[in-house]
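See below for the structure under consideration.
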Amino acid sequence: MWFVRFVTSSIGKKLVMAATGLLLFLFLLTHAAGNATIFMSSAVFQDYADELHSHPLIVLVFSSALLAVLLVHIGVGLYLFYENRAVSNNRYVVSKRVVKNSLASATMPYTGLFVLLFLVIHIFGFTFSPKDVPISSTVRDMLSNFFYALFYITAFIALTFHLSHGLWSMLQTFGVNHPRYELFIARLSLVLPLFFFLIFGGIAFYFMTGLGANY
Ligand code: HEM
């Protein structure tokens, strides 16, 4: 079938990575905006979470779609990783790297898998938390644990690296790569991930250090 042929072609796989990456990025934007209400007060954050959960069907459809997108992103990403490794292990093939071998690009599968480990722990801790405890209290109680918060911050550093190369690569795949905008694209691929780091990392820091004691 043409669709399977397209998706398994080299450009098809890159497009799937870029499109699923973009959707995950959009999820992060909404998640960061919602979670930033924590800095206002526990009541504002709780209101936001309650409002979200007052639409169970939307939450179910959205969560299922998010999971499907994440699984495709991870599956195709790992496939590309093993494919690239097989090519670079073949000494008869001259491998031409189009991308500068930056630390972020070289560590993509590892930062990605670390973020995946974070996600599993995060979802077990927050999404599947006891329903009789308000989520605003669960977030405060969990992140007040120094080592739990430290793990979160370490995962957010990995996420920052992953996003910085991922965003750059996505823009290249979508053809946003005019030499005139090279510097702008390079800066954007750094500033946006750092913005996420400030919000998510800021929340973990807020509770870990006791700054959020009166939240
Ligand atoms: C300190 C930073 C973060 C806080 C406080 C936070 C908070 C939460 C909370 C409270 C939930 C459960 C929502 C609910 O069911 O009521 C949740 C779910 C989730 N979070 Fe986070 N989060 C943070 C960072 C992240 C990051 C960085 C990612 C992605 C890399 C992420 C991905 C998710 C996902 C995928 C879900 C499940 C969404 C769903 O059920 O549809 N979170 N988060």
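All of the numbers you see were taken from the coordinates with simple rules; none came from a lab. Given the structure is predicted, the values throughout are model-derived calculations rather than measurements. Heads up, the Cβs are rebuilt from the backbone with ideal geometry, glycines too, and the neighbour counts pull from every protein chain shown.
Scanning segment 103-119 for residues that are near the ligand (Cβ under 10 Å from one of its atoms) and farther than 18 Å from L80 by Cβ returns F118, L119. The single condition among (1) within 12 Å of the ligand (Cβ to nearest atom); (2) assigned to a helix (DSSP H, G or I); (3) within 17 Å of N35 (Cα to Cα) that Y215 does not meet is (2).
Of the residues making up segment 107-132, those that are of a type outside the set (A, V, I, L, M) and within 14 Å of the chain's Cα centre (by Cα) are P109, Y110, T111, G112, F114, F118, H122. Within segment 24-44, being within 30 Å of M170 (Cα to Cα) and either of a type in the set (S, T, N, Q) or over 19 Å from the mean Cα position of the chain (by Cα) (or both) holds for T30, N35, T37. Sub-7 Å Cβ pairs linking a first residue in segment 154-178 that is closer than 15 Å to L22 by Cα and without any contact (Cβ under 8 Å) to a residue 24 or more places away in the chain to a second residue that is more than 16 Å from the ligand (Cβ to nearest atom) and β-branched (V, I, T), at least 6 apart or interchain, are W168/I185; L171/I185; V176/I185, ordered by first then second residue.
Counting just the residues of segment 45-70 that are polar (S, T, N, Q) and more than 9 Å from the ligand (Cβ to nearest atom), which one comes out farthest from the chain's Cα centre (by Cα)? Looking at the filtered set, the residue picked out is S54.
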